[in-house]
């Protein structure tokens with residue numbers, strides 16, 4: 001299902017759904033990124049978003065460049081797209 005919205009920064013529609021990466025997904029999922037270019041993942045409290053990646057919060061440092069690009073530093077493993 002495609003996600004249609006008026007404000008790209010508004011991820012939640014009020015029906016326990018959210019827009020993530022142009023698709024409607026459960027609000028129980030974590031959306032890394034935004035409604036237009038995000039990636040959805042199964043929620044995990046030990047992980048955090050860094051751009052569109054979902055990485056271990058205790059082993060990764062997330063930095064954003066002056067151009068708005070994200071980069072993960074440190075010892076981490078990439079969690080695959082679960083959504």
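Overview of results
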read-out: Burial ranking of peptide ranges 18-24, 54-60 (average Cβ count within 10 Å, highest at the top); value: 18-24, 54-60
read-out: Computed label-point distance, nm, for sites residue 34 and residue 72 using a 7 Å Cα→Cβ extension; value: 2.2
read-out: Packing-based ranking, highest mean first, of 31-40, 65-74 given that Cβ atoms within 10 Å are counted; value: 31-40, 65-74
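None of the figures in this text is laboratory data; all of them are computed from the coordinates on show. Here the structure is a predicted model, which means the values were calculated and not measured. Don't worry about glycine lacking a Cβ; one is built from the backbone with ideal geometry, like all the others, and counts go over all protein chains shown.
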